[in-house]
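Okay, so here's the structure we're looking at.
The values are calculated or read from the model by the stated rules, or taken from the named source; none is laboratory data. Please read these numbers as outputs of a predicted model, since none were measured by experiment. Here the Cβ is made from the backbone with ideal geometry for all residues, glycine too, and neighbour counts use every protein chain on show.
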Amino acid sequence: MADEPAGEARCAHPPQGGPHRVPRDLADPLIRELGGWLEGAAGTGIEADRLADRRVALALRRLIAAHGLAPFLARDPAAIEVVAALPDDLRAWLAVQDEHNRLRIGRLLEELGAALQAFAAAGLPVMPLKGAVLATRPGADPFRRPMADLDLLVRAVDLEASRMTLASLGYRKRPDRTRRPTHDTFELPGNDAVVTAGGEHPDNPRRIELHTEARRHLWGWVDDDDLTGHLWAGATEAKVLGEPAILPSAAAFAAHLAIHATSDLLLARGRLRQWLDLAEVGGPPAGPDLAGAPHPRLIYPALRLAARRLPDRFAAGGPGGLVVLAGLVPERLARWAAGVPLDTRAGLHAGRSSPADDATLGARWTRWAPYPWRLAVAHGDAPLPVAALRHAARVAAMARPRPA
């Protein structure tokens with residue numbers, strides 16, 4: 001689980017006084033408003049009396065936290081006018097969130113540096129992924145975005161040695177209770193409990209997720225979204241925080257971010273922060289060309305939606321390879337990405353924070369509903385009835401109990 005806001009990390013308790021999930025009729029206009037803030041909208045379009053409504057104010061905070069936007073709003077020049085128009089209490093909350101995130105990222109970067117140093121001492125090649133790379137890119141403000149954990153990719157033959165290396169730093173492996181494990185999760189003793197689910201906190205769990213493959217196993221897939229070979233193929237030796245590391249090529253890294261973002265959209269937990277990340281790696285003067293990247297059905301949706309929401313943050317002409325990718329995906333998927341409202345109907349997060357929410361019928365429908373765009377991602381050009389039957393069979397196969 002990489003780069004969810006820290007308060008989203010499988011928390012046991014919802015934010016105090018806040019909703020578990022913001023109702024769609026409230027979430028959708030607020031998400032669209034937040035999207036405008038990312039583009040530098042001059043002031044907020046939310047009426048002052050609505051912001052004075054406690055239900056609206058709590059929902060807005062919940063969505064800002066769920067989408068990982070508090071540090072952006074506190075730091076990005078594009079948000080200055082918007083933040084200036086917000087009520088004092090909301091601006092104060094953003095400042096607190098930004099400070100908590102600054103402390104948290106500082107600790108995560110210290111832990112990343114220690115891990116990279118230990119891997120280098122053990123002679124083990126290791127590739128940081130997602131937030132660990134975004135936070136350490138040259139010239140980047142490492143505190144501009146939240147980060148739930150550190151993702152590290154190692155060769156399968158080095159897995160046991162990598163586990164021992166993390167154990168030497170004091171990390172303990174968490175029990176795996178997923179049906180299709182994609183990684184090992186490690187945590188430090190005393191850092192296993194969520195302090196707050198209402199936003200960022202430096203003492204919320206700061207885990208290391210150790211991968212030997214880069215794939216999500218979503219919707220019953222096995223290797224349709226496997227990007228492992230692509231990441232290693234163009235990788236180069238580099239220094240991260242002054243320590244030896246392996247970094248993927250710019251195109252492979254952007255493809256991985258896009259696949260991860262689309263995967264979260266499929267599960268109705270996409271985040272606007274992920275679209276900012278895509279704009280950052282694909283921004284001026286020229287982003288990487290993704291026309292030749294594998295798995296275009298998973299790369300295209302998030303990339304196209306991000307380009308619609310943040311056109312001025314990408315290089316001129318939009319993300320590299322976007323036009324080519326559009327011709328490689330089912331036509332109904334391209335039409336959907338070109339016209340779907342940029343809110344929960346596009347798979348964006350509505351603020352769910354409690355595992356208990358996932359057990360409700362509504363939440364399960366939200367996650368597994370056979371919407372045509374989802375079927376197009378999962379099953380390509382298969383006729384909708386055929387794709388729907390395949391999907392139903394896969395969901396039924398996944399209904400068995402989780403490992404104890």
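Residues in the range 358-384 that are out of contact with any Lys or Arg (no Cβ under 9 Å at 6 or more places or on another chain) and small (Gly, Ala, Ser) were compared, and the one that is farthest from Leu305 (Cα to Cα) is Ala359. Scanning the range 249-257 for residues that are modelled with pLDDT of 95 or more and in contact with an Asp or Glu (Cβ under 6 Å, 6 or more places away or on another chain) turns up at least one hit. Filtering the range 311-331 to residues that are at pLDDT below 95 and either of a type in the set (D, E, K, R) or within 22 Å of Asp76 (Cα to Cα) (or both) leaves Pro311, Asp312, Arg313, Phe314, Ala315, Ala316, Gly318, Pro319. Scanning the range 230-237 turns up one or more residues that are aliphatic (A, V, I, L, M), closer than 30 Å to Ala382 by Cα and not in a loop (DSSP other than H, G, I, E, B).
Taking the range 107-143 as the range and being assigned to a helix (DSSP H, G or I), surrounded by fewer than 21 Cβ atoms within 10 Å (Cβ to Cβ) and small (Gly, Ala, Ser) as the test, the residues that pass are Gly113, Ala114, Ala118, Ala120, Ala121. Taking the stated definitions as given, is Glu160 free of Cβ contacts under 8 Å to residues at least 40 places away in the same chain and assigned to a helix (DSSP H, G or I)? Yes, satisfied.
Identify, from the list Asp289, Asp264, the residue that is within 22 Å of Leu108 (Cβ to Cβ) and out of contact with any His (no Cβ under 7 Å at 6 or more places or on another chain).
Asp264
Scan the range 125-134 and tell me whether some residue there is without any contact (Cβ under 8 Å) to a residue 40 or more places away in the chain and out of contact with any strand residue (DSSP E or B) (no Cβ under 9 Å at 6 or more places or on another chain). Scanning the range 125-134, I find no residue that is without any contact (Cβ under 8 Å) to a residue 40 or more places away in the chain and out of contact with any strand residue (DSSP E or B) (no Cβ under 9 Å at 6 or more places or on another chain), so the answer is no.
For the range 275-334, a residue qualifies if it is in a helix (DSSP H, G or I) and of a type in the set (Val, Ile, Thr), and the qualifying residues are Val281, Ile299, Val323, Val324. Can you spot a residue in the range 202-218 that is touching a Leu at 6+ places or on another chain (Cβ under 6 Å), surrounded by 21 or more Cβ atoms within 10 Å (Cβ to Cβ), among the hydrophobic types (A, V, I, L, M, F, W, C) and assigned to a loop (DSSP other than H, G, I, E, B)? Taking every residue of the range 202-218 in turn, at least one turns out to be touching a Leu at 6+ places or on another chain (Cβ under 6 Å), surrounded by 21 or more Cβ atoms within 10 Å (Cβ to Cβ), among the hydrophobic types (A, V, I, L, M, F, W, C) and assigned to a loop (DSSP other than H, G, I, E, B). Taking the listed residues Val329, Val323, the one that is of a type in the set (A, V, I, L, M, F, W, C) and surrounded by fewer than 17 Cβ atoms within 10 Å (Cβ to Cβ) is Val323, with no other qualifying. Of all residues in the range 348-366, those satisfying the criterion of being surrounded by 15 or more Cβ atoms within 10 Å (Cβ to Cβ) and either more than 30 Å from Glu200 (Cβ to Cβ) or at pLDDT below 95 (or both) are His349, Ala350, Gly351, Arg352, Ser353, Ser354, Asp357, Ala363, Thr366.
Touching a Leu at 6+ places or on another chain (Cβ under 8 Å), surrounded by fewer than 16 Cβ atoms within 10 Å (Cβ to Cβ), of a type outside the set (S, T, N, Q) and over 30 Å from Gly282 (Cα atoms), is that true of Leu384? In short, yes.
For the range 375-386, the set of residues classified as in a helix (DSSP H, G or I) and closer than 17 Å to Leu325 by Cα consists of Ala376, Val377, Ala378, His379, listed by residue number. Those helices (runs of 4 or more DSSP H) of the range 21-89 in which 1 or more residues are buried (at least 21 other Cβ atoms within 10 Å of the Cβ) occupy 24-38, 54-66, 70-75, 80-84.
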